[in-house]
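Okay, so here's the structure we're looking at.
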Ligand code: OOG
Ligand code: MG
């Protein structure tokens, strides 16, 4: 590991320690200060190595990788977080919330919910050179869904390398009952309404996500390809929050109503 850390070590920080600390925060349900406050050597490349190591640790615990997520693909999300670059991260089976299942607040730190357009891949997809049109041909189904993000950093304060190492705040996600053939709708025009306890708090269309969610999928295939990874047939891809995220409070429900992709509700319990 020392060789892999060349040029990145400051004080007693190593990639392994980054992973240890983020893993412990997630398991112990506590938040912490940004790692870059103490470890300026945590650059984007080092952070992605930490992210890969973190998911390897989850796999060693018995979890399986079920797909990937994109983060910060919409301006609403980028402005809220003060970071203007998208990122990718890993999904595991432990993150899937079955339809109607309450969000287990006792297992989370400060969960927020955001609407997402969700793809299911019908075939492997790997960059470089993947265009949005090419990416869409690998999608077997599109669903309306939500993601629960739960940064391991206090007040969701982080830099891009911090949030990359933290697996893009990934915590839970779920989807609605409607799965469509992507050829049957224009996802840039797909609208969503976000409601908290029945009150509409935000609206947007799929165009908010990189102009079209297929652009986000192409971005994932290309950036993962550059790091030696490929997207696999059967994997889920969360294309990124379409609107800003809202806090999920005990007893409160967040619903997302899509124009063609049905609706989905999650309740904090
Ligand atoms: C980072 C994760 C962002 C999205 O869809 O943009 C994300 C965060 O906001 O904590 O999942
Ligand atoms: Mg998200």
| field | Breaking point among (1) touching a strand residue (DSSP E or B) at 6+ places or on another chain (Cβ under 8 Å); (2) surrounded by fewer than 15 Cβ atoms within 10 Å (Cβ to Cβ); (3) under 19 Å from residue 226 (Cα atoms), for residue 93 | value | (3)
| task | Filter the stretch 150-168 for residues that are more than 14 Å from ligand 2 (Cβ to nearest atom), part of a helix (DSSP H, G or I) and farther than 21 Å from residue 268 by Cβ and give the result. | result | 160, 161, 162, 165
| When you scan the stretch 29-147 for helices (runs of 4 or more DSSP H) that lie fully inside it, which ones turn up with 2 or more residues that are away from ligand 2 (no atom under 15 Å from the Cβ)? | 44-60, 132-137
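With the structure loaded, tell me whether residue 57 is modelled with pLDDT of 95 or more, under 17 Å from residue 160 (Cα atoms) and touching a helix residue (DSSP H, G or I) at 6+ places or on another chain (Cβ under 7 Å) or whether it fails that test. Can you show your working first?
Working: modelled with pLDDT of 95 or more: yes; under 17 Å from residue 160 (Cα atoms): no; touching a helix residue (DSSP H, G or I) at 6+ places or on another chain (Cβ under 7 Å): yes.
The answer is no for residue 57.
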| request: May I ask you to list pairs of residues, at least six apart or on different chains, whose Cβ atoms are under 6 Å apart, with the first in the stretch 71-97 being over 15 Å from residue 150 (Cβ atoms) and the second being near ligand 2 (Cβ under 10 Å from one of its atoms) and in a helix (DSSP H, G or I)? | output: 87/168
| query | Residues 213, 177: which one is on the phi < 0 side of the Ramachandran plot and within 13 Å of ligand 1 (Cβ to nearest atom)? | reply | 213
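Determine, yes or no, whether residue 228 is on the phi > 0 side of the Ramachandran plot, touching a helix residue (DSSP H, G or I) at 6+ places or on another chain (Cβ under 8 Å) and part of a loop (DSSP other than H, G, I, E, B). Before the answer, list the steps.
Numbers: on the phi > 0 side of the Ramachandran plot: yes; touching a helix residue (DSSP H, G or I) at 6+ places or on another chain (Cβ under 8 Å): no; part of a loop (DSSP other than H, G, I, E, B): yes.
Considered against the rule, which asks whether it is on the phi > 0 side of the Ramachandran plot, touching a helix residue (DSSP H, G or I) at 6+ places or on another chain (Cβ under 8 Å) and part of a loop (DSSP other than H, G, I, E, B), residue 228 comes out as no.
The values are calculated or read from the model by the stated rules, or taken from the named source; none is laboratory data. Please read all numbers here as calculations on a predicted model, not as lab measurements. A quick note on method: Cβ atoms are made from the backbone with ideal geometry, for glycine too, and the neighbour counts reach across all protein chains shown.
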